[in-house]
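Shown below is the structure under consideration.
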Amino acid sequence: MASEAIETPAAEGPPAAVPLRKRVRRLIMQLGPSRMAATILFLIIATLFARLSWQMPLIGDAERALYDARATLMAPHVGQDKRIVMVTYDDETLFNTGIRSPLDRTYLANALANLDEMGPNAIGIDIVFDSPRPDDALLKAQLRAMKTPTWLAYAEHESNPNTIFYEQQKYLESYLAEVTTARTRPTSVLFRTDSDGVIRNWPDRPKNLPPLMANALAPVDAAHANYQGNIRFLAPARVAKGQEEEVFSKIPIDTFAAPMDADTRAAFSEMIKGRYVLIGGNIIDNDQFNTPFSRFTDQVTDQHETMIGLEVHAHMLAQQLDRAWSNPLPGPALWVLAVLVVLAGGLTSLIDVRARWVAIAFLGQMAFFVAFPFWLQGHGVDTTTLPAFGWAVGWLFGYAAVGTAARTIGARQRAFAQSALGKYLPADVAAQIMRDPDQLSLHGERRNIFCVFTDLEGFTKLSHATTPETVARLLNEYLDRLSDVVLEHGGTIDKFVGDAIVAFWGAPLSRPDDGQRAAAAAIAMNEVGEQFRIDLAAEDVPPIGMTRVGLHVGDAIVGNFGGEDRIQYTALGDSMNTASRLESANKSLKTGVLISAEAAARAGRDDLMPMGRVTLRGRAQPVDAFTVRPDLTPEQRARIAELVTAHGAGNKKTYVTAATALARDFSQDPAIMFLIERLNETESGESYVLS
């Protein structure tokens, strides 16, 4: 009998991973048209981030920071460059000459006379002669007599408006015209800084300017005559404290300004002969520039050091002499890399393997984003346009877009409304918006709102005199107290500005008693601030002053402003500005709460006292202001109202009688006394202009 083969089931193991190709095909088939369109749009946005991040706010700042790290860490470390020497006016020179601005030109003339005999290749002078000095004749004669090619700094107002104004430019041009010869000519000292004030690239060459100093001092090949790539900043090979050696030697101009005989001149010529000499200032807080090196602390000084403009010229000249021109990756290549990065992020989200392998894939790609740009920088590629941070952002966006689509999560997250509304809106308003989330859509509408601005007097002084932790704790406690007041009175918190709160009533929901609520809240905020000041007296911190409050009513555009992913519910308009100015006017009027007449008319209060008509700082339209004075009797408030009315009506007799009596009865009340003073200084119905 033949034996039968019996199959035994294989041992159970982990479920087989779904192939990546199958997961992609399934994702495409299951996505609906709208979700597919949204995913594709998101991937396009991710690609734009991965390619154009240098031109984007915030991300561009990150790109610049990463470039500075690359330029610093990958900078060539070299010994002292013997081809270039800097002759500088330093602070000791200024002390010795007793002349700061313009720089002593006799010193320069004497130094040039000696340097000219020492055989330098060329001399570049980074000093702009834009104003006269008594010793100009001596310097002009020496410049005309130079045998060495000498280049004089030129700047114009149009391309450098922050450095030279038009009259200075005209004087400079006339000065250069008098000294220009075949050997002495002008040179451009134009720099271009990025938006963060850092010099990273060679400047453009406007056609109306003379040649750039580095191009003028030494020959430059035609292909790079208009080079605008990155500046190759060099780092010293020796930076140990006590042994540091600068890349370019700096010699005080005093060394060459003294009279020299032939033997002395011969001894010094070893430092000058056959070299490029750059002359300029090495003066504290003058002609200082941030470079990529400035972002990090110096190894010797442990400070964020700047670089004098003369030294920037020296680095550019050294780069030109070395022909160390960097070329960026071509634009098409950057687009290809951007697409590949986004696809890598999307495909990574679809990998169906164990978590540790996903983590390894993620870390490996992140390491690439970090290391590859440094490798390029070290191999002579200009990475000032390389979107390293944009790659990471694009990868994450690609991962998020595809991963979210794969899990078929199409509903919008409501975490913002659930967690944030209750912090900024009253409970009933928040509940209504939760029922109707469309009220958070991006739009604005004109509403009549009551606007409140506050400010805490003396908090800036306190913040400078105590620790950041204490400042944060006190500020949070203060803002928490005032926020409670706003919400308890049905207001909407617009924003926090330092120690100030901006709030309004009348939006997103309006109530018939918004004016009464806003006025009550304004007064309560002043009182709560006073209680906070009293409570703070027990702490070992500098004392603070009162909480000043301004209230005004008027039209404003209210709504969500921003973008689909980041919005702020706020109010914009002239009424907000008026409330802010009223708050500031408290200091001048010696009050704690100021309410405009428009808001006072709807406040429903009988304890308001008129403070006259004033023109607020920065405003043209006068405002009739009121302050709250519950400490006065109705009869006393009526007397003050009669005073203001008499002044406005031009009833001089009644006004004088009332003013005399009030000045006698309230001589110790600064607000009332200043009111009388203001009315005395203005004609009938005029407003008092607050400075």
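The values are calculated or read from the model by the stated rules, or taken from the named source; none is laboratory data. Keep in mind that what you see is a predicted model, and the values were worked out from it rather than measured. Cβ placement follows ideal geometry from the backbone for every residue including glycine, while neighbour counts extend to all protein chains displayed. The accessibility values were calculated without ligands, DNA or RNA, using every heavy atom of the protein model including side chains. Shrake-Rupley method; radii C 1.70, N 1.55, O 1.52, S 1.80 Å.
So which residues in region 37-93 are within 21 Å of Ala400 (Cβ to Cβ) and of a type in the set (Val, Ile, Thr)?
Thr39, Ile40, Ile44, Ile45, Thr47, Ile59 - these are the residues of region 37-93 that are within 21 Å of Ala400 (Cβ to Cβ) and of a type in the set (Val, Ile, Thr).
In the list Phe389, Phe362, which residue meets the criterion of being of a type outside the set (Lys, Arg) and closer than 18 Å to Leu66 by Cα?
Exactly one of Phe389, Phe362 is of a type outside the set (Lys, Arg) and closer than 18 Å to Leu66 by Cα, namely Phe389.
In addition: For residues that are within 10 Å of Val452 (Cβ to Cβ) and either of a type in the set (Asp, Glu) or open to solvent by 20 Å² or more (accessible area, probe 1.4 Å) (or both), tally how many sit in region 490-516.
Number of matching residues: 1.
Which ones in region 603-618 are surrounded by 17 or more Cβ atoms within 10 Å (Cβ to Cβ) and touching a helix residue (DSSP H, G or I) at 6+ places or on another chain (Cβ under 7 Å)? Please lay out each step first, then the result.
Restricting attention to region 603-618, the residues satisfying the condition of being surrounded by 17 or more Cβ atoms within 10 Å (Cβ to Cβ) are 603, 608-616.
The answer is Ala603, Leu608, Met609, Pro610, Met611, Gly612, Val614, Leu616.
Can you tell which of Thr578, Thr570 is in contact (Cβ under 8 Å) with a residue 60 or more places away in the chain, more than 13 Å from Ile676 (Cα to Cα), out of contact with any Cys (no Cβ under 7 Å at 6 or more places or on another chain) and part of a strand (DSSP E or B)? Write out each step before concluding.
Working: Thr578 fails: part of a strand (DSSP E or B).
Result: Thr570 is the single residue among Thr578, Thr570 that is in contact (Cβ under 8 Å) with a residue 60 or more places away in the chain, more than 13 Å from Ile676 (Cα to Cα), out of contact with any Cys (no Cβ under 7 Å at 6 or more places or on another chain) and part of a strand (DSSP E or B).
Working only within region 449-473, note down all residues that are of a type outside the set (Asp, Glu) and touching a Ser or Thr at 6+ places or on another chain (Cβ under 8 Å). Reasoning before the result, please.
Residues of region 449-473 that are of a type outside the set (Asp, Glu), as a first pass: 449-454, 456, 458-468, 470-473.
Scanning region 449-473 gives Ile449, Cys451, Phe453, Thr454, Leu456, Val471.
Need a quick list: helices (runs of 4 or more DSSP H) entirely within region 245-349 having at least 3 residues that are open to solvent by 50 Å² or more (accessible area, probe 1.4 Å). First the steps, then the outcome.
Values: elements: 254-257, 262-269, 309-322, 331-348.
Hits in region 245-349: 262-269, 331-348.
Related question: Against the definition (under 22 Å from Trp151 (Cα atoms), at pLDDT 95 or above and over 36 Å from the mean Cα position of the chain (by Cα)), how does Val277 come out, yes or no?
Values: under 22 Å from Trp151 (Cα atoms): yes; at pLDDT 95 or above: yes; over 36 Å from the mean Cα position of the chain (by Cα): yes.
Against the criterion (under 22 Å from Trp151 (Cα atoms), at pLDDT 95 or above and over 36 Å from the mean Cα position of the chain (by Cα)), Val277 qualifies.
Within region 229-244, is even one residue out of contact with any Lys or Arg (no Cβ under 8 Å at 6 or more places or on another chain) and closer than 21 Å to Leu108 by Cα?
Step one: filter region 229-244 for residues out of contact with any Lys or Arg (no Cβ under 8 Å at 6 or more places or on another chain), giving 229, 232-243.
Retained after the next criterion (residues that are closer than 21 Å to Leu108 by Cα): none.
No; the residues of region 229-244 include none that is out of contact with any Lys or Arg (no Cβ under 8 Å at 6 or more places or on another chain) and closer than 21 Å to Leu108 by Cα.
Can you pull out every residue in region 674-691 that is part of a helix (DSSP H, G or I) and either touching a residue at least 24 places away in the same chain (Cβ under 8 Å) or within 44 Å of the chain's Cα centre (by Cα) (or both)? Steps first, please.
Our first condition is that a residue be part of a helix (DSSP H, G or I); within region 674-691, this holds for 674-680.
Across region 674-691, the qualifying residues are Phe674, Leu675, Ile676, Glu677, Arg678, Leu679.
When the residues of region 429-460 are narrowed to those that are out of contact with any helix residue (DSSP H, G or I) (no Cβ under 8 Å at 6 or more places or on another chain), modelled with pLDDT of 85 or more and open to solvent by 50 Å² or more (accessible area, probe 1.4 Å), which ends up nearest to Arg511 (Cα to Cα)?
Checked region 429-460; the qualifying residue nearest to Arg511 (Cα to Cα) is Asn448.
One line per residue, one yes/no per condition, for (1) under 17 Å from Ala69 (Cβ atoms); (2) free of Cβ contacts under 8 Å to residues at least 60 places away in the same chain; (3) not charged (D, E, K, R):
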residue: Val312; (1), (2), (3): no, no, yes
residue: Ser326; (1), (2), (3): yes, no, yes
residue: Phe374; (1), (2), (3): yes, no, yes
residue: Thr384; (1), (2), (3): yes, no, yes
residue: Gly403; (1), (2), (3): no, yes, yes
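Then there's this: Pairs, please: C-beta under 9 Å, at least 6 apart or cross-chain, first residue free of Cβ contacts under 8 Å to residues at least 12 places away in the same chain and in region 521-547, second acidic (Asp, Glu)?
If the second residue must be acidic (Asp, Glu), the pairs left are Asp535/Glu477.
Next up: Taking region 190-213 on its own, how many of its residues are in contact with a Ser or Thr (Cβ under 9 Å, 6 or more places away or on another chain) and either aliphatic (A, V, I, L, M) or open to solvent by less than 20 Å² (accessible area, probe 1.4 Å) (or both)?
8
So how many residues does region 461-489 have that are open to solvent by less than 50 Å² (accessible area, probe 1.4 Å), out of contact with any strand residue (DSSP E or B) (no Cβ under 7 Å at 6 or more places or on another chain) and hydroxyl-bearing (Ser, Thr, Tyr)?
Looking only at region 461-489, we keep the residues that are open to solvent by less than 50 Å² (accessible area, probe 1.4 Å), and these are 462-463, 466, 470-472, 474-475, 478-479, 482-483, 485-487, 489.
This time we only want the ones that are out of contact with any strand residue (DSSP E or B) (no Cβ under 7 Å at 6 or more places or on another chain), so: 462-463, 466, 470-472, 474-475, 485, 487, 489.
Okay, now just the ones that are also hydroxyl-bearing (Ser, Thr, Tyr), so 463, 466, 470.
Residues that pass the stated criteria total 3.
Considering only region 563-591, state which residues are modelled with pLDDT under 85 and not β-branched (Val, Ile, Thr).
Selection gives Gly563, Glu564, Asp565, Arg566, Gln568, Tyr569.
Table: residues versus (1) in contact (Cβ under 8 Å) with a residue 12 or more places away in the chain; (2) touching a Phe, Trp or Tyr at 6+ places or on another chain (Cβ under 7 Å).
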| position | (1), (2) |
| --- | --- |
| Arg605 | yes, no |
| Leu608 | yes, yes |
| Met611 | yes, yes |
| Arg617 | yes, no |
| Pro630 | yes, no |
| Ala641 | yes, no |
| Ala646 | yes, yes |
| Thr657 | no, no |
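Scan region 655-691 residue by residue and report those that are exposed (fewer than 15 other Cβ atoms within 10 Å of the Cβ) and farther than 20 Å from Lys587 by Cβ.
Those that are exposed (fewer than 15 other Cβ atoms within 10 Å of the Cβ) and farther than 20 Å from Lys587 by Cβ: Val656, Thr657, Thr660, Ala661, Arg664, Asp665, Ser667, Asn680, Glu683, Ser684, Gly685.
Also, quick follow-up: Does Leu594 satisfy the criteria of being at pLDDT 90 or above, surrounded by 17 or more Cβ atoms within 10 Å (Cβ to Cβ) and outside any strand (DSSP E or B)?
Values: at pLDDT 90 or above: yes; surrounded by 17 or more Cβ atoms within 10 Å (Cβ to Cβ): yes; outside any strand (DSSP E or B): no.
Criteria not met by Leu594.
Only residues that are among the β-branched types (Val, Ile, Thr) and farther than 18 Å from Val549 by Cα: list them for region 602-657, please.
Residues of region 602-657 that are among the β-branched types (Val, Ile, Thr), as a first pass: 614-615, 623, 627-628, 633, 640, 644-645, 654, 656-657.
If the condition is that a residue be among the β-branched types (Val, Ile, Thr) and farther than 18 Å from Val549 by Cα, then Thr633, Ile640, Val644, Thr645, Thr654, Val656, Thr657 are the ones that fit.
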